[in-house]
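Chemist: Here you go, one structure.
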Amino acid sequence: MSKTILGIIGGGQLGSMLAIAAKKLDVETIVFCDDADAPAQNFCTKFISANYNNKEKIIEFVNLVDFVTYEFENIPFDTLNEINKLKPVLPKPSVNRLIQHRLAEKDFVNNLNIRTTRYALIEKKSEIDSLKDLLPGILKTTTLGYDGKGQHPIGSVEEFNSLNIDLSKGYILEKLVKLKQEISIIITRFSNNKYEIYEPIENKHEDQILRFSKIPAEINKKIYDQSKDWAMNIAEELKYVGTLCVEFFIDRNDNLYVNEIAPRVHNSGHLTINAYNVSQFENHVRAVCGLEQVPLKKISNAKMTNLIGEQISHYRKLSKFNENEFFFDYLKKEIKDKRKMGHLTTLL
Ligand code: ADP
Ligand code: MG
């Protein structure tokens, strides 16, 4: 029998780690990316570089694969929808469309009776007067944001008014949560409606970019259970197939809020590569390609450190790591400020 071939849209570190996991399962991968220097070309079976709206190249890609998945959510819905007519796209394009829009995403979560921060769409400067109780808050673009990009903290009405921003691009204002902690849940849902769910991961951000993740998270039983329940509700409601991440806030009174959903493998789940028998990447490939589900077993507690910008240089020079340390270099061509260059997982 010929090998299963998985098409992956996007060729960054997530695409790379998906390709590595697929290889282990004897699944071939074809990565499609608009960046000719994309790191995943080092790990996949075949690499195609073209613009995401290059129909001819997309068709060439789709003809070569059995299933299509993606490593980032900002792919035009129409592109995914067209591909889905030819080969199964998982997670479904409709899931992606919902989650790539912050307002639709938050409305969806609230409709499940799951708590989020308070928020409102803001389309005109004058609307701020009726939204004062959302201050201090954060103004966020409704689409295309990541690693804190497109976000502006707003302390007061005066501060908001002095901002030079084109609100017609689509913004929401979100109340600032007095954060005690942040956690995430990674869950993989299979097409037979079964799940594999990882324990809550505790995350620390610096400059709105994830810097550290660890298990176990230092949280109480109620938050442990509630975060898992909510992630399961969300995955179930979406009839999701693949790996999904739910990011949560915990405030100083131990209230849990959903921050956002990532319809894909997630940076906070990198430690699952070394801390579990099956990683978030392997589980994603298993679910999307309809392979066997393997019960999760935790191997170890762990901590993951993101290596951002120049932080990678020190680790690149090291020739040896401790037995419990695992260094990943994403092999990005250029070191850039605030760019995720690699990570180090330490088993504890
Ligand atoms: P991104 O899409 O860039 O990941 P997030 O909405 O997850 O955007 O924001 C990134 C980080 O900024 C969060 O993980 C958190 O640390 C901080 N942050 C965002 N929104 C809020 C908020 N309403 N209250 C407190 N902190 C926030
Ligand atoms: Mg986030």
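Chemist: Please determine, by comparing only the residues of the range 138-170 that are hydrophobic (A, V, I, L, M, F, W, C) and in a loop (DSSP other than H, G, I, E, B), which one is nearest to Asn267 (Cα to Cα).
Modeler: Leu144
Chemist: Looking at Thr305, Thr272, can you tell me which residue is under 27 Å from Gln41 (Cβ atoms), β-branched (Val, Ile, Thr), surrounded by 24 or more Cβ atoms within 10 Å (Cβ to Cβ) and more than 16 Å from ligand 2 (Cβ to nearest atom)?
Modeler: Thr272
Chemist: Let me ask another. Find the residue count for the range 76-100, including only residues that are within 16 Å of the chain's Cα centre (by Cα), surrounded by fewer than 19 Cβ atoms within 10 Å (Cβ to Cβ) and touching a residue at least 40 places away in the same chain (Cβ under 8 Å).
Modeler: 1
Chemist: Would the range 318-327 turn up any residue that is modelled with pLDDT of 95 or more and within 14 Å of Gln13 (Cα to Cα)?
Modeler: Within the range 318-327, one or more residues are modelled with pLDDT of 95 or more and within 14 Å of Gln13 (Cα to Cα).
Chemist: Ok, one more. If you scan the range 105-137, which residues turn out to be within 13 Å of Ile261 (Cβ to Cβ), more than 16 Å from ligand 2 (Cβ to nearest atom) and not in a loop (DSSP other than H, G, I, E, B)?
Modeler: Residues satisfying the conditions are Asp107, Phe108, Asn110.
Chemist: If we scan the range 291-307, do we find a residue that is hydroxyl-bearing (Ser, Thr, Tyr), in contact (Cβ under 8 Å) with a residue 60 or more places away in the chain and under 18 Å from Ser184 (Cα atoms)? Don't jump to the end; show me each part of the working.
Modeler: First pass over the range 291-307, keeping only residues hydroxyl-bearing (Ser, Thr, Tyr): 300, 305.
Imposing the further condition that a residue be in contact (Cβ under 8 Å) with a residue 60 or more places away in the chain reduces the set to 305.
From what's left, under 18 Å from Ser184 (Cα atoms): 305.
So far as the range 291-307 goes, yes, one or more of its residues are hydroxyl-bearing (Ser, Thr, Tyr), in contact (Cβ under 8 Å) with a residue 60 or more places away in the chain and under 18 Å from Ser184 (Cα atoms).
Chemist: Which numbered condition trips up Gly12, out of (1) surrounded by fewer than 22 Cβ atoms within 10 Å (Cβ to Cβ); (2) within 18 Å of Ala262 (Cβ to Cβ); (3) without any contact (Cβ under 8 Å) to a residue 60 or more places away in the chain?
Modeler: Evaluating Gly12 over (1) surrounded by fewer than 22 Cβ atoms within 10 Å (Cβ to Cβ); (2) within 18 Å of Ala262 (Cβ to Cβ); (3) without any contact (Cβ under 8 Å) to a residue 60 or more places away in the chain leaves (3) as the failure.
Chemist: Quick one: count up the residues across the range 54-87 that are within 26 Å of Tyr330 (Cα to Cα), touching a helix residue (DSSP H, G or I) at 6+ places or on another chain (Cβ under 8 Å) and not in a helix (DSSP H, G or I).
Modeler: Qualifying residue count, the range 54-87: 8.
Chemist: Another question, if that's okay. Take the residues of the range 181-206 that are within 16 Å of Gln293 (Cα to Cα) and within 16 Å of the chain's Cα centre (by Cα): which is nearest to ligand 1 (Cβ to nearest atom)?
Modeler: Per the criteria, the residue is Ile186.
Chemist: Additional query: Got a sec? Which strands (runs of 3 or more DSSP E) wholly within the range 171-234 have at least 1 residues that are within 16 Å of ligand 2 (Cβ to nearest atom)?
Modeler: 171-175, 179-189, 201-206, 209-215
Chemist: Just to verify a result, which residue in the range 138-160, among those that are more than 13 Å from ligand 2 (Cβ to nearest atom) and among the acidic types (Asp, Glu), is farthest from Glu260 (Cα to Cα)?
Modeler: Looking at residues that are more than 13 Å from ligand 2 (Cβ to nearest atom) and among the acidic types (Asp, Glu), I get Glu158.
Chemist: Within the range 207-224, identify whether any single residue is surrounded by fewer than 21 Cβ atoms within 10 Å (Cβ to Cβ), in contact (Cβ under 8 Å) with a residue 40 or more places away in the chain, within 15 Å of ligand 1 (Cβ to nearest atom) and within 15 Å of Glu260 (Cα to Cα), and answer yes or no.
Modeler: yes
Chemist: Run down Val241, Val265, Val288 and say which single residue is crowded, with 18+ Cβ neighbours inside 10 Å and either farther than 30 Å from Arg97 by Cα or within 16 Å of ligand 2 (Cβ to nearest atom) (or both).
Modeler: Val265
Chemist: Do the conditions hold for Ser319, that is, is it surrounded by fewer than 19 Cβ atoms within 10 Å (Cβ to Cβ) and either without any contact (Cβ under 8 Å) to a residue 40 or more places away in the chain or within 15 Å of ligand 1 (Cβ to nearest atom) (or both)?
Modeler: When the stated conditions are applied, Ser319 passes them.
Chemist: A further question on this structure: Do we have Phe248 as within 19 Å of the chain's Cα centre (by Cα), surrounded by fewer than 18 Cβ atoms within 10 Å (Cβ to Cβ), within 16 Å of ligand 1 (Cβ to nearest atom) and not polar (S, T, N, Q) here?
Modeler: Working: within 19 Å of the chain's Cα centre (by Cα): yes; surrounded by fewer than 18 Cβ atoms within 10 Å (Cβ to Cβ): no; within 16 Å of ligand 1 (Cβ to nearest atom): yes; not polar (S, T, N, Q): yes.
Considered against the rule, which asks whether it is within 19 Å of the chain's Cα centre (by Cα), surrounded by fewer than 18 Cβ atoms within 10 Å (Cβ to Cβ), within 16 Å of ligand 1 (Cβ to nearest atom) and not polar (S, T, N, Q), Phe248 comes out as no.
Chemist: Taking only the range 162-184 into account, find how many residues are surrounded by 11 or more Cβ atoms within 10 Å (Cβ to Cβ) and of a type in the set (S, T, N, Q).
Modeler: 2
Chemist: Follow-up question, since we're still on this one. I'm told Lys336 meets every condition in (1) out of contact with any strand residue (DSSP E or B) (no Cβ under 8 Å at 6 or more places or on another chain); (2) charged (D, E, K, R); (3) without any contact (Cβ under 8 Å) to a residue 24 or more places away in the chain except one. Can you identify the failing condition by its number?
Modeler: All conditions are met except number (3).
The values are calculated or read from the model by the stated rules, or taken from the named source; none is laboratory data. Source: prediction; values computed, not measured. Please note: Cβ atoms are built from the backbone with ideal geometry, for glycine as well, and neighbour counts cover all protein chains shown.
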